[in-house]
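The values are calculated or read from the model by the stated rules, or taken from the named source; none is laboratory data. This structure is a prediction, so every number in the text was calculated from the model and none was measured. Cβ sites come from the backbone with ideal geometry, for glycine too, and all protein chains shown count toward neighbours. Heads up: the accessible areas ignore ligands, DNA and RNA and are worked out on the full protein's heavy atoms, side chains in. Shrake-Rupley method; radii C 1.70, N 1.55, O 1.52, S 1.80 Å.
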Amino acid sequence: MIEWFVKTFETAAQQATLFSICVSTLLALSLLLLNQWFSKQKDNRNLRIVKLEEFATAIYSYERLCFDILSRLYNHPPTDQITIDKMVESVELSDKIEMLSALYFPNIQFEPKTTQSIIYKVHRQFDVLELNNKSVPKTYVSYKDATEHIKDILKDLKSLVKQEMGKHT
């Protein structure tokens, strides 16, 4: 095998051809790998933008849903089925936000218990009243306080998402 190789490329012209073949092959492989790397970077960037849009949409939907739940709790009995369904939906949406945060944006922390706790507190507050139990006035949460609490929690989250959006524009 080596003898054939030496015999085939023994003249200077044949060695130049071999060198040309080797350089062309290395160049083609380099371009292929570079192209793959650029394609992967572009795909990752596009995926990140899509997930960022999904993340932001989920946050704004979650905020509106929380306000809707609170409004319903202050205007309807706590056992109202629509309110209960919306509370379940809010848990699912908060889980989605938490998942997107953990998977794609680990620098943006979201703890769903913080917003869910205020909804549950208001729900319990009206549940106690519906059962004709006395509520403790100092634990009563007004609609304004409840919405402000949720706004404060989500304000930081929305701000971080907007900063992340700024990186991709």
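Tabulated values for the structure
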{"item": "Neighbours by Cβ (under 6 Å, 6+ apart or cross-chain): first from the stretch 29-46, closer than 24 Å to Leu103 by Cβ and basic (Lys, Arg); second open to solvent by 90 Å² or more (accessible area, probe 1.4 Å) and part of a helix (DSSP H, G or I)", "result": "none"}
{"item": "Residue in the stretch 156-166 that is small (Gly, Ala, Ser), in a helix (DSSP H, G or I), at pLDDT 90 or above and open to solvent by 50 Å² or more (accessible area, probe 1.4 Å) present", "result": "yes"}
{"item": "Verdict on Lys151 being open to solvent by 30 Å² or more (accessible area, probe 1.4 Å), at pLDDT below 90 and in a helix (DSSP H, G or I)", "result": "no"}
{"item": "Flag if Glu54 is within 28 Å of the chain's Cα centre (by Cα), open to solvent by 50 Å² or more (accessible area, probe 1.4 Å) and within 30 Å of Gln163 (Cα to Cα)", "result": "yes"}
{"item": "In the stretch 1-15, residue least open to solvent (accessible area, probe 1.4 Å) [restricted to those that are among the aromatic types (Phe, Trp, Tyr) and in a helix (DSSP H, G or I)]", "result": "Phe5"}
